[in-house]
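The values are calculated or read from the model by the stated rules, or taken from the named source; none is laboratory data. For clarity, every value in this text was computed on a predicted model and none was experimentally measured. Here the Cβ positions follow ideal geometry from the backbone for every residue, glycine too, while neighbour counts run over all protein chains shown.
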């Protein structure tokens, strides 16, 4: 409790407790959650719903709630506040849910929690916020003194007429304004401040390692000492990384319900409520603007736009189709090569593209096998939103091994081409890369089947000692062949 905050003794805090919903009881905004649900299922219907705003915000909320059918189980609740409310309920205190959200949403949440003796909510005619919420509370309680739980400036109108205040999920500024209004503060549940770490995590900065692929055309063409090529390569790297991070944010917004049911993904910043949806959208906009500014014009810009459109289509729709998801994932990696080539003006050979497609198809299959091993039960697989079953692991493993072998075969054929002999003085030494690749891919496949790879195989390889040793060995072979 902050210094100077007037508190209410527990024996005096027996007045009915009216609890706000958005940003208070739940660590999100249910209206935004509903809009996201509509975008996920029927984005074009959103334009029709926007027309209902002309009939008032209460009617708009009602229609959005009706179309979205938001599940109370998919929301991140304020656990500390919930525990406090349960304690107050057990000691006989009357608790009501008083919210500007639509009655259908508020009623479903109240039913799920089983804490509330009544629900005061918007009904399609009145948008119960501020003074209207205060009037509705007074009407239901017949002007009986009450305490109020809220989180934002719009709640000040209610707090000023409450016997005491409970502040949940707000910052110090709201606490000071409640104190200045002379309202005794019963309890404070502070919201964690927005941190750089939350933005860092949602942008998946560690995944930028994948985007080093845009520099591969420079390496294959032996242009590492060419300053203009390196400068354009770095521009491409950061432009692609900003775009990829923005798409990770969009993916998290689309996957909110599934992430919240996942054992690990439910702790992601947006899913847990640590990063509000508006802040996530703002971050996405900044990242996309940065990508647009940095990306070279011409074919590179079109390739980046095609990548963004493909990833969004994948996130919204295509990832639910059997095998389509792994083929697209392999294609996304290959697009990085094409983008790097277009941005630096270096032509990417057919050999490099063929190797990339089969190599990354193998890695995409490893990722899917890992996901299935981690959710081995049929129930878990179905809830993941994917089209796979546990028995598909055998077939996926066979396809993975075959793709790895084909990528190795492409490597051998490429090493016999005139392109290689013109770049290397001892090209026959490059054959040593083949057994190293076979070892690396086979090992990853075995570890995936054991359930020991819990993230993207590319990211796993960055921290895997054996994978780093293979990378060093490949580098040594290339140096020896030059």
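For this structure, a couple of remarks:
- Residue within segment 441-458 that is part of a helix (DSSP H, G or I), modelled with pLDDT of 85 or more and closer than 25 Å to residue 217 by Cα present: yes
- Condition check for residue 230: more than 24 Å from residue 169 (Cα to Cα), surrounded by fewer than 18 Cβ atoms within 10 Å (Cβ to Cβ) and not assigned by TED's automatic domain parsing to the domain that holds residue 24: yes
- Identity of the residue in segment 207-223, assigned to a helix (DSSP H, G or I) and farther than 17 Å from residue 338 by Cβ, that ends up modelled with the highest pLDDT: 208
- Out of 134, 128, 139, one residue alone is out of contact with any strand residue (DSSP E or B) (no Cβ under 8 Å at 6 or more places or on another chain) and buried (at least 17 other Cβ atoms within 10 Å of the Cβ). It is 134.
- Within segment 281-307, the set of residues being buried (at least 18 other Cβ atoms within 10 Å of the Cβ) and within 23 Å of the chain's Cα centre (by Cα) comprises 283, 284, 287, 288, 291, 304, 307.
- Comparison of 96, 49 shows that the only residue that is touching a helix residue (DSSP H, G or I) at 6+ places or on another chain (Cβ under 9 Å) and closer than 16 Å to residue 35 by Cα is 49.
- Residue 31 vs. criteria closer than 27 Å to residue 81 by Cα and assigned to a helix (DSSP H, G or I): yes
- Residue match in segment 43-58 (condition: in contact (Cβ under 8 Å) with a residue 40 or more places away in the chain and either in a helix (DSSP H, G or I) or crowded, with 19+ Cβ neighbours inside 10 Å (or both)): yes
- Check on residue 117, in the same structural domain as residue 25 (by TED's automatic domain parsing), touching a strand residue (DSSP E or B) at 6+ places or on another chain (Cβ under 7 Å) and surrounded by fewer than 15 Cβ atoms within 10 Å (Cβ to Cβ): yes
- Of everything in segment 74-102 that is assigned to a helix (DSSP H, G or I) and free of Cβ contacts under 8 Å to residues at least 40 places away in the same chain, the residue that is surrounded by the fewest Cβ atoms within 10 Å (Cβ to Cβ) is 90.
- Any hit, segment 399-413, residues being part of a loop (DSSP other than H, G, I, E, B) and closer than 18 Å to residue 373 by Cβ: no
- Any chance residue 275 is in a loop (DSSP other than H, G, I, E, B), farther than 18 Å from residue 40 by Cβ, in the same structural domain as residue 368 (by TED's automatic domain parsing) and within 12 Å of the chain's Cα centre (by Cα): yes
- Tally, over segment 162-173, of residues that are buried (at least 16 other Cβ atoms within 10 Å of the Cβ) and assigned to a loop (DSSP other than H, G, I, E, B): 2
- Test: residue 470 is at pLDDT 90 or above, part of a helix (DSSP H, G or I) and within 17 Å of residue 359 (Cβ to Cβ): yes
Matching residues to (1) modelled with pLDDT of 75 or more; (2) surrounded by fewer than 20 Cβ atoms within 10 Å (Cβ to Cβ); (3) under 26 Å from the mean Cα position of the chain (by Cα); (4) within 14 Å of residue 323 (Cα to Cα):
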site: 364; (1), (2), (3), (4): yes, no, yes, yes
site: 368; (1), (2), (3), (4): yes, no, yes, yes
site: 380; (1), (2), (3), (4): no, yes, yes, no
site: 387; (1), (2), (3), (4): no, yes, yes, yes
site: 390; (1), (2), (3), (4): yes, yes, yes, no
site: 400; (1), (2), (3), (4): yes, no, no, yes
site: 409; (1), (2), (3), (4): yes, yes, no, no
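- Qualifying residue in segment 224-247 (condition: touching a helix residue (DSSP H, G or I) at 6+ places or on another chain (Cβ under 7 Å), assigned to a loop (DSSP other than H, G, I, E, B) and under 12 Å from residue 340 (Cβ atoms)): no
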